[in-house]
Amino acid sequence: MKVDGVAYRSIWREGEAASVVVVDQTLLPHRFETLRLENVADAIDAIKRMVVRGAPLIGVTGAYGLAMALHDDPSDDNLAAAFAALNAARPTAVNLRWALEIVRDAVAAVPPGARAAAAFATADRLHAEDIATNGTMAAHGARLIREIWEANGRSRPVNILTHCNTGWIACVDWGTALGVVYHAHDSGIPVHVWVDETRPRNQGASLTTWELGSHGVPHTLIADNAGGHLMQHGAVDICLVGADRVTAHGDACNKIGTYLKALAARDNNVPFYVVMPSSTIDWRIGDGVKEIEIEERASDEVTHIAGVAGDGTIVKVRLTPKGTRAANPAFDVTPARLLTGLVTERGVAKASRDGMLALFPERA
Ligand SMILES: CSC[C@H]1O[C@H](OP(=O)(O)O)[C@H](O)[C@@H]1O
């Protein structure tokens, strides 16, 4: 995507360098700065601190992290240790394990002296595939938007509600749910996006507004708790969200608050779609509520809020009395029964085992 007319990806490797450069998302929207990750420790820190975030991007960053680990020490022991440390950086998005397993399997039989090059080549492939996958997925999803626009006689913009940030900075490029929005917008379909602020990290307020504003997509920021009211009053035509892990039965784990939005959508007959690449599907589990580990993040993400002061410095201020205890589950699980469908790079699937196997028969 372009930032001030310059095309960017959220992560990139410069030539054959044994390092990668990422956009530091902790500074957005106030400052656009990049950060070079030189080794596996840098990659782990960037994932943990959410310098890089978003399931697909976490996966690609993990892949490069493992390659950097092997550049420093290609031994079996270090491969295993780096895999474990990276995989533990954030427990919920399955894309991290998915990418690490692909790199590990690509180098396991390779002589140690050639492992780093093989790992970087694999990470580069995952980097390129993410872009292609999201572009294809966006086209599938945009057909849903066009159907709504046509059904309304092309009389008004299509009102889309989204949660968290699922744009190009949550992936290598394009995005998942926001990738659908960009494709529809760029195809000439008028859209308007209700942007959930997405407490407590405010990915919607800070990142999605920044992305949509940069791309010229009309949008309105709302408090998370306003979505149900807007649906009751017919102001939402469709909900599009991302995912961090989807089970083989179609349960979708996503940013905290998604489940509540899905309940409101069901109560108001608003279509509710998850947009995610197949790398986000965990075929090993069925019951998302019982089997997905929900990351518990620091309580100060709830008790404090980050923003920019008048002189442009980024500050973090406390919202609560000192010592207030806060719980901070970062994700929740929306049962498949509440989903209208799953938008993938292979098309739109019903959120059920049979529906998913219709698109992914090799997984039967
Ligand atoms: C395109 S996947 C984005 C997905 O990841 C986000 O989580 P986080 O910001 O904590 O990395 C959120 O769940 C989004 O839906």
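Yes or no: Val195 more than 16 Å from the ligand (Cβ to nearest atom), under 23 Å from Ala138 (Cα atoms) and out of contact with any Pro (no Cβ under 9 Å at 6 or more places or on another chain)? First the steps, then the outcome.
Values: more than 16 Å from the ligand (Cβ to nearest atom): no; under 23 Å from Ala138 (Cα atoms): yes; out of contact with any Pro (no Cβ under 9 Å at 6 or more places or on another chain): yes.
No, not satisfied.
May I ask you to list the residues in the stretch 46-93 that are surrounded by fewer than 18 Cβ atoms within 10 Å (Cβ to Cβ) and over 18 Å from the mean Cα position of the chain (by Cα)? Answer for the stretch 46-93, where residues must be surrounded by fewer than 18 Cβ atoms within 10 Å (Cβ to Cβ) and over 18 Å from the mean Cα position of the chain (by Cα): Asp72, Asp73, Ser75, Asp76, Asp77, Asn78, Ala80, Ala81, Ala84, Ala85. Here Asp237, Asp186 are screened, and the one residue that is of a type in the set (Asp, Glu) and surrounded by 18 or more Cβ atoms within 10 Å (Cβ to Cβ) is Asp237.
So is Leu240 touching a helix residue (DSSP H, G or I) at 6+ places or on another chain (Cβ under 8 Å), more than 16 Å from the ligand (Cβ to nearest atom) and assigned to a strand (DSSP E or B) or not?
Values: touching a helix residue (DSSP H, G or I) at 6+ places or on another chain (Cβ under 8 Å): yes; more than 16 Å from the ligand (Cβ to nearest atom): no; assigned to a strand (DSSP E or B): yes.
Taking the combined requirement at face value, the residue does not satisfy it.
Could you identify the single residue in Ala132, Ala121, Ala116, Ala89 that is part of a loop (DSSP other than H, G, I, E, B) and at pLDDT 95 or above? Steps first, answer last, please.
Details: Ala132 fails: part of a loop (DSSP other than H, G, I, E, B); Ala121 fails: part of a loop (DSSP other than H, G, I, E, B); Ala116 fails: part of a loop (DSSP other than H, G, I, E, B).
Result of the check over Ala132, Ala121, Ala116, Ala89: Ala89.
How many residues are under 30 Å from Gly204 (Cβ atoms) and aliphatic (A, V, I, L, M) when one looks only at the stretch 42-84?
Restricting attention to the stretch 42-84, the residues satisfying the condition of being under 30 Å from Gly204 (Cβ atoms) are 42-65.
Subset that is aliphatic (A, V, I, L, M): 43-44, 46-47, 50-52, 55, 57-58, 60, 63.
So the answer is 12.
For the stretch 103-125, the count of residues that are of a type in the set (A, V, I, L, M), away from the ligand (no atom under 16 Å from the Cβ), under 29 Å from Ser214 (Cα atoms) and not assigned by TED's automatic domain parsing to the domain that holds Ala43 is zero. The strands (runs of 3 or more DSSP E) found entirely in the stretch 259-364 that carry 2 or more residues being open to solvent by less than 80 Å² (accessible area, probe 1.4 Å) and small (Gly, Ala, Ser) are 304-308, 347-349.
The values are calculated or read from the model by the stated rules, or taken from the named source; none is laboratory data. As the structure is a computational prediction, the values presented were derived from the model and not from experiment. Quick reminder, even Gly has a Cβ in these numbers, built from the backbone with ideal geometry, and neighbours come from all protein chains shown. These accessible areas exclude ligands, DNA and RNA; they are computed on the full protein's heavy atoms, side chains included. Shrake-Rupley method; radii C 1.70, N 1.55, O 1.52, S 1.80 Å.
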